[in-house]
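Notes follow the structure.
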Amino acid sequence: MSPRPPSDLNPRRDPALDFPDRDLGELSLEDYEQIGFLGGLEVHQQLDTRGKLFCRCPAGRRVTNVDAEVLRHMRPTLSELGEYDACALMEFKTRKEIVYLLDRGTVCTYEIDDTPPFPIDLEAVKIGLEIGRLYGLNLATELHVMRKQYLDGSIPTGFQRTGMLGLTGEIPFRVPSLGIDRPLRIRQVSIEEDSCREVSDLGHRITFRTDRLGTPLTEVVTEPDLRTPFEVQAAGRLIAQVARATGKVKRGAGAARQDVNISVAGSRRIELKGVGHHRRLPLLTHIEAFRQLNLLRIREELRNRGIEPPSLPDGRAFSWTTSPLVIEASGHLRRCEYAPIKDAIDRQERVVAVRLPGFSGLLSHRTQPGITFAREFSERVRVIACLTDRPFMIHSDVRDYGLDPTQWRAIHSALEADNEDAVIVVWGPASDADTAAREILIRASEAHEGVPSETRQPYLDGTSGFERMLPGPDRMYPDTDTPPLPIEDGWLAEIESRLPELPWDRENRYVEMGLSLGEAVELGASRWAELFDDLSPANKKVARRLAHALRKRIPHHSRLGREAPTAEPIVPLVRALEDESIRLEATEAALDALIEHPEKSAVEVLASFKVTKTVHEEVERLCGRVAESAKDLTDRSRDVLMRWAMGEVMPHLLGKADPMEVRQRLETVLFAEEAA
Amino acid sequence: MSKDLYKGYRDPCLSLLKRHDVTVWCELEAQTSRGEFHGLLLPRSETADPYHLVLKLDSGYNIGIRHDTVQNLKKVGYREANYKIPEQEFPRDPEKPTVRLFGTGGTIASRLDYRTGAVIPAFSPGELYGSVPELADICNLDTEKLFGVFSENMGPEQYLILAERIGEAIREGYDGIMIGHGTDTMHHTSAVLSFMIQNTPVPIVMVGSQRSSDRPSSDAAQNLINAAHAASHGPIAEVVVCMFGPTSDRYNLLHRGTRVRKMHSSYRSTFRTLGDIPLATIEDGFVNPIREDFAPRRSDRDVLVQAAFEEKVTIVYYYPGMQPDVIDALAEKGYKGIVIAGTGLGHVNRKIYPALERANAAGVQVYMTLQTMWGFVQMYVYETGREILELGVVPLANMIPDVAYVKLGWALGVHPDDPEAVRRLMSTPIAGDMTDREPHDGYLVLQGGVPESAKFFTNVWK
């Protein structure tokens, strides 16, 4: 028996091959529907507990101190079907030395897998249950700790301890600006330990810091219901907002990270791992969708050319020497002037050439902005064969580079390659070059499947690179070191009794206060929502104006490095707006003044914005002065003149006088003659 | 048969399952007061409480459902697990040395049944080759599973069988012997084999693991690989323990069987040589001796096996306030030998002197070792020591208490009717169990936190 794997395939099998590549922002919901875009999120949120999940080290301390280093390797273990997981095998092929940096204050012998786990942190479990409750999940009655295997070294045990808290829920997903108003289905929430922070990954050595390791996280998994890159971003924000509503999660850099699963019609799920900021999600997922579409186009082209996949003996663990598609090329390149290859030969490294039957021209097919299909090969080689000194690979689609035509011809003829074939030349230390040759053949055979299952690393420019094969479902084993934990009804009752206000309830409250749904959603998700609540505007007009003012002005001041204001100095402004002693138009200016002059009292600051008894005389005086200046401007149209005049007068009267009154007065003084 | 259908479930879950006509390995839809769950019903661990059903979800997670939340269980399928370790034939190469690997049990010889969490034995050559294929590059391997017991259940009965079978294997011409063993009492077995099997011409290498081989970070593979190097072509023909040097995956140490002890409950680098230095390091396939006074490998087969053990032997770990009746009770119960782990240089309180005297008169042999683990018994320094000697207590130099215990059991087994011969054997070093001298680095317990240790650890793999 193996657990039925969750379907990785996009439900639509007909790729939209004719759909042109477009930039983010150029596509409508219908366009994304046409290419079959589907996204899902796995959001990892650190919990704000005192200690780590399975040991009593402090959680949430970030350090740079190093007291000692430990070196380990990860061996793949056999799955229950007696096979090595593709992911596991790949990691082992890389033969990485994994180095852990230890700091006495943040790590004990548990994290480095020299002591069995201590009892699970109940504070974390209860926060996790509360989060599960907020997502409307069916909660477990007994928590079983499992081991989820990770062989990349990010966890010294080689597995992450994780337990399922709840399943199958949904939350209201309302984003008027994107036309979204439907439930967001949540598949599950689990509680798990955080992994190490990667410090460097050079060649055969990867180094991790262990301070973060073991920090309690919840992982929230949505169903793949997100239909555009912007929906992915909105869902990420909503999920984070729900978790934050508990007030018991960590905030700030690295405290919440999401993995995004993307597929398009005809492809399968690809995971983009560890995206730290929601604002990066749209571009990343858009580019990934088109990468997949381009891989499907390449598959189609191979089919059209009638090319069969290269035969790979015996799964993934074969030796290239048994393949007629690979030769040792050093002999043909003795006179090579291309420095990287020449140097490699001088260092007595190995140069191999690989023939990809029928691939001519495909390696230069664009897959991501500024990136061609050849990158899919070089990324594999970089990660799996640990070749890091670029360049380590050239290919025949770029003929005027690297080798001269004679050398290309020699290699082609040695490989018995014709014009329809592509040739990749790769070099490095002998065993790494061997691995590289094998991986190139494997990647080429995967091109015939279209989109291989991968976990990809997102880059800042929105593109992504190969990180590892997507692990199969067979990597989850019970943790025999930890007894099952009954989840008592009493805990749930306690959680129920102190549930925080949920985002959608808050939004509804804002709507009742007078905001539109769009404004309510935006306010609810903002950092100043609490400030708004503390100011508790009493009528609809003030509420709406205040929400608008906060949205416009708070980000401006925070960009200038000013501290976010507390409610105290601003309350008098809100009360003044309510009793109309300050006019609504003055809200922003008054707010600015309060924030800019924390040293002054609110009364003092607000004085200059108050409506005064002499305001009518003031209007009269200013309008008169403008009418005087306007005499030189009689050649202008009425509209232009009016706009100019309002611009002259209003800044002096903002918040003090009703703009309608000013306008009427100006019309009278400017155009009185005309009317007469 | 009905037991298997409901494996591990007791009431109230058992009757719940029967009422809904479902058994383990049924795929279920469970309606509960906490919502609906779908999964495969797994067996329940016998040591877990009787109130929960365990479902394996499609995601691979297990989840527990309390019996009284269940409203309905509906069977929607059946998928029985049939767990078997994959086997691959272990290749043979006539050019390579051939090693006999005896299995006794323990972590190194077991794997996890991934669905139930139960530990199942895995020890055939095919299974080993399946998980550590590198072994085939080192030697040919014949394995024999003698027992399937955890470390704590190894005892005199197993010692005798193991010693005899090793003797036979040596005489059959094997180039080396490996013994897979649980780590908790590995040093007891290594000591007793050091006495029972003397003058071995080939290495006898004990190996275990602190992390089971189903874990990616397991130490099992490195330990097995290095033990295979030591056994197949290593130069040291003694009973040795082959385990991690540092906790990092760097090298193994070969410890002499009578000087080694497990010193940490869970660290990988738990085995240490006490009062001396280890015999060798093993790294990248090379056995590098770090001392010269080891017994070298020979081509003859002149091994001496003396498999005997008297079970009525015990260790008494002395503590302040010990009452004399502890000793009296042992003598009355027919114990033939007592090893005392005394304080300091080898002391016990005056209150138990009369009991020691009575034991001596009754023919119970009493020996003195140290609970300090390091250092020599020296009973002449203080008057107490001299008084205790007069009571017939025999000092055992720097013999580790656990080693003294198995040596006394062995000596009394070999010479059941000759107390003098036993005393002679006990007082004579046979396999490095007592040494003439302790080198300056024979005691090395680094103090963490002090500047010199901190500096040291910036330069080495911990």
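Condition (residue is of a type in the set (G, A, S), more than 14 Å from chain A (Cβ to nearest Cβ), more than 22 Å from B:T343 (Cα to Cα) and surrounded by 12 or more Cβ atoms within 10 Å (Cβ to Cβ)) applied to the stretch B:356-366: is it met by at least one residue?
First pass over the stretch B:356-366, keeping only residues of a type in the set (G, A, S): B:359, B:361-363.
From the residues that got through so far, the ones that are more than 14 Å from chain A (Cβ to nearest Cβ) too are B:359, B:361-363.
When the remaining residues are screened for being more than 22 Å from B:T343 (Cα to Cα), the result is B:361-363.
From what is left, the residues that are surrounded by 12 or more Cβ atoms within 10 Å (Cβ to Cβ) are B:362.
Looking through the stretch B:356-366, at least one residue is of a type in the set (G, A, S), more than 14 Å from chain A (Cβ to nearest Cβ), more than 22 Å from B:T343 (Cα to Cα) and surrounded by 12 or more Cβ atoms within 10 Å (Cβ to Cβ).
Condition first: surrounded by fewer than 24 Cβ atoms within 10 Å (Cβ to Cβ), within 11 Å of chain B (Cβ to nearest Cβ), at pLDDT below 95 and not in a loop (DSSP other than H, G, I, E, B). Can you find one or more residues in the stretch A:106-126 that meet it?
no
Within the stretch A:368-400, count every residue that is at pLDDT 90 or above, under 28 Å from the mean Cα position of the chain (by Cα) and not in a helix (DSSP H, G or I).
Total satisfying the criteria: 6.
Of the residues that sit in the stretch B:392-410 and are touching a strand residue (DSSP E or B) at 6+ places or on another chain (Cβ under 8 Å) and more than 30 Å from B:H440 (Cα to Cα), which one is surrounded by the most Cβ atoms within 10 Å (Cβ to Cβ)? Spell out how you get there, then give the answer.
At the first step, the residues of the stretch B:392-410 found to be touching a strand residue (DSSP E or B) at 6+ places or on another chain (Cβ under 8 Å) are B:392-396, B:398-402, B:404-405, B:408-409.
Going one step further and asking which of them are more than 30 Å from B:H440 (Cα to Cα), we end up with B:392, B:409.
Working: B:G392: 15, B:G409: 26.
My answer is B:G409.
For the stretch A:52-78, which residues satisfy the criterion of being among the hydrophobic types (A, V, I, L, M, F, W, C), closer than 28 Å to A:R468 by Cα and facing chain B (nearest Cβ under 7 Å)?
Residues satisfying the conditions are A:V70, A:L71, A:M74, A:L78.
Look at the stretch B:235-282 and say how many of its residues are assigned to a strand (DSSP E or B) and either at pLDDT below 95 or within 24 Å of A:C108 (Cα to Cα) (or both).
Selection size over the stretch B:235-282: 7.
Just for the stretch B:209-225: of the residues that are touching a residue at least 24 places away in the same chain (Cβ under 8 Å) and charged (D, E, K, R), which one is farthest from the other protein chains (Cβ to nearest Cβ)?
That would be B:D219.
For A:F37, state whether it is among the aromatic types (F, W, Y), more than 14 Å from every other protein chain (Cβ to nearest Cβ), crowded, with 16+ Cβ neighbours inside 10 Å and farther than 13 Å from A:D211 by Cα.
Spelling it out, A:F37 is indeed among the aromatic types (F, W, Y), more than 14 Å from every other protein chain (Cβ to nearest Cβ), crowded, with 16+ Cβ neighbours inside 10 Å and farther than 13 Å from A:D211 by Cα.
So, restricting to strands (runs of 3 or more DSSP E) that lie completely within the stretch B:128-217, which ones have at least 3 residues that are more than 14 Å from the chain's Cα centre (by Cα)?
Those strands (runs of 3 or more DSSP E) span B:140-145.
What strands (runs of 3 or more DSSP E), lying completely within the stretch A:135-243, carry at least 2 residues that are under 17 Å from B:I63 (Cα atoms) and within 13 Å of another protein chain (Cβ to nearest Cβ)?
Answer list for the stretch A:135-243: A:145-149, A:159-175, A:180-193, A:216-222.
Determine if the stretch B:200-220 includes at least one residue that is surrounded by fewer than 24 Cβ atoms within 10 Å (Cβ to Cβ), assigned by TED's automatic domain parsing to the domain that holds B:P278, over 26 Å from A:D114 (Cα atoms) and not hydroxyl-bearing (S, T, Y).
yes
Here is a list of conditions, (1) more than 23 Å from the chain's Cα centre (by Cα); (2) surrounded by fewer than 22 Cβ atoms within 10 Å (Cβ to Cβ), and A:E223 meets all of them except one; can you say which number that is?
Against the list (1) more than 23 Å from the chain's Cα centre (by Cα); (2) surrounded by fewer than 22 Cβ atoms within 10 Å (Cβ to Cβ), A:E223 comes up short only on (1).
Of everything in the stretch B:148-157, what is surrounded by fewer than 20 Cβ atoms within 10 Å (Cβ to Cβ) and modelled with pLDDT of 85 or more? Give them in sequence order.
Listed by number, the residues that qualify are B:N153, B:G155, B:P156, B:E157.
Name every residue in the stretch A:244-265 that is touching a helix residue (DSSP H, G or I) at 6+ places or on another chain (Cβ under 8 Å), part of a strand (DSSP E or B) and among the polar types (S, T, N, Q), in order of residue number.
A:Q258, A:S263
Out of all the residues in the stretch B:25-49, which are facing another protein chain (nearest Cβ under 9 Å), in a strand (DSSP E or B) and either surrounded by fewer than 17 Cβ atoms within 10 Å (Cβ to Cβ) or of a type in the set (S, T, N, Q) (or both)?
B:T32, B:E36, B:H38
Can you name every residue in the stretch A:345-360 that is touching an Asp or Glu at 6+ places or on another chain (Cβ under 9 Å) and over 26 Å from A:E301 (Cα atoms)?
Hits for the stretch A:345-360 are A:E349, A:R350, A:V351, A:V352.
Considering each residue of the stretch A:219-250, count those that are over 17 Å from A:G524 (Cα atoms) and not polar (S, T, N, Q), and give that number.
Within the stretch A:219-250, residues that are over 17 Å from A:G524 (Cα atoms) and not polar (S, T, N, Q) number 15.
Run down A:R390, A:R366, A:R375 and say which single residue is surrounded by fewer than 21 Cβ atoms within 10 Å (Cβ to Cβ), basic (K, R) and free of Cβ contacts under 8 Å to residues at least 12 places away in the same chain.
A:R390 is the lone residue from the list that is surrounded by fewer than 21 Cβ atoms within 10 Å (Cβ to Cβ), basic (K, R) and free of Cβ contacts under 8 Å to residues at least 12 places away in the same chain.
Restrict the check to the stretch B:191-208 and report whether at least one residue is closer than 22 Å to B:E134 by Cα and either polar (S, T, N, Q) or within 14 Å of chain A (Cβ to nearest Cβ) (or both).
Looking for residues that are closer than 22 Å to B:E134 by Cα and either polar (S, T, N, Q) or within 14 Å of chain A (Cβ to nearest Cβ) (or both), one finds none in the stretch B:191-208, hence no.
Do you know which residues across the stretch B:244-263 are within 11 Å of chain A (Cβ to nearest Cβ) and either in contact with a Phe, Trp or Tyr (Cβ under 6 Å, 6 or more places away or on another chain) or farther than 19 Å from B:H229 by Cα (or both)?
B:P246, B:T247, B:S248, B:R250
Which residue is farthest from the other protein chains (Cβ to nearest Cβ), if the candidates are limited to the stretch B:50-62 and must be over 16 Å from B:V22 (Cβ atoms) and in contact (Cβ under 8 Å) with a residue 12 or more places away in the chain?
This residue is B:P50.
Could you figure out which of (1) within 11 Å of another protein chain (Cβ to nearest Cβ); (2) aliphatic (A, V, I, L, M); (3) free of Cβ contacts under 8 Å to residues at least 40 places away in the same chain isn't true of B:L5?
Unmet condition: (1).
Restricting to helices (runs of 4 or more DSSP H) lying wholly in the stretch A:568-666: which have 3 or more residues that are in contact with a Pro (Cβ under 9 Å, 6 or more places away or on another chain) and farther than 30 Å from A:D533 by Cβ?
On the way: elements: A:571-578, A:587-596, A:602-607, A:615-629, A:638-653.
Where helices (runs of 4 or more DSSP H) fall fully within the stretch A:568-666 and carry at least 3 residues being in contact with a Pro (Cβ under 9 Å, 6 or more places away or on another chain) and farther than 30 Å from A:D533 by Cβ, they are A:638-653.
Can you name the condition, by its number, that A:P471 falls short on among (1) surrounded by fewer than 16 Cβ atoms within 10 Å (Cβ to Cβ); (2) within 26 Å of the chain's Cα centre (by Cα)?
Among (1) surrounded by fewer than 16 Cβ atoms within 10 Å (Cβ to Cβ); (2) within 26 Å of the chain's Cα centre (by Cα), A:P471 violates only (1).
Considering only the stretch A:455-464, I want to know if a residue exists there that is touching a Pro at 6+ places or on another chain (Cβ under 6 Å), assigned to a loop (DSSP other than H, G, I, E, B) and within 24 Å of A:V383 (Cα to Cα). Lay out the reasoning, then the answer.
Looking only at the stretch A:455-464, we keep the residues that are touching a Pro at 6+ places or on another chain (Cβ under 6 Å), and these are A:464.
If we keep only those that are assigned to a loop (DSSP other than H, G, I, E, B) as well, we get none.
No: zero hits.
Kindly indicate the residue of the stretch B:424-462 that is loosely packed, with under 14 Cβ neighbours inside 10 Å and of a type in the set (V, I, T) and also farthest from the other protein chains (Cβ to nearest Cβ) among those meeting that condition.
In this case the residue turns out to be B:T428.
The values are calculated or read from the model by the stated rules, or taken from the named source; none is laboratory data. What you see is a predicted model; the values in this text were computed from it and never measured. Using ideal geometry, Cβ is built from the backbone for each residue, glycine included, and neighbour counts are taken over all protein chains shown.
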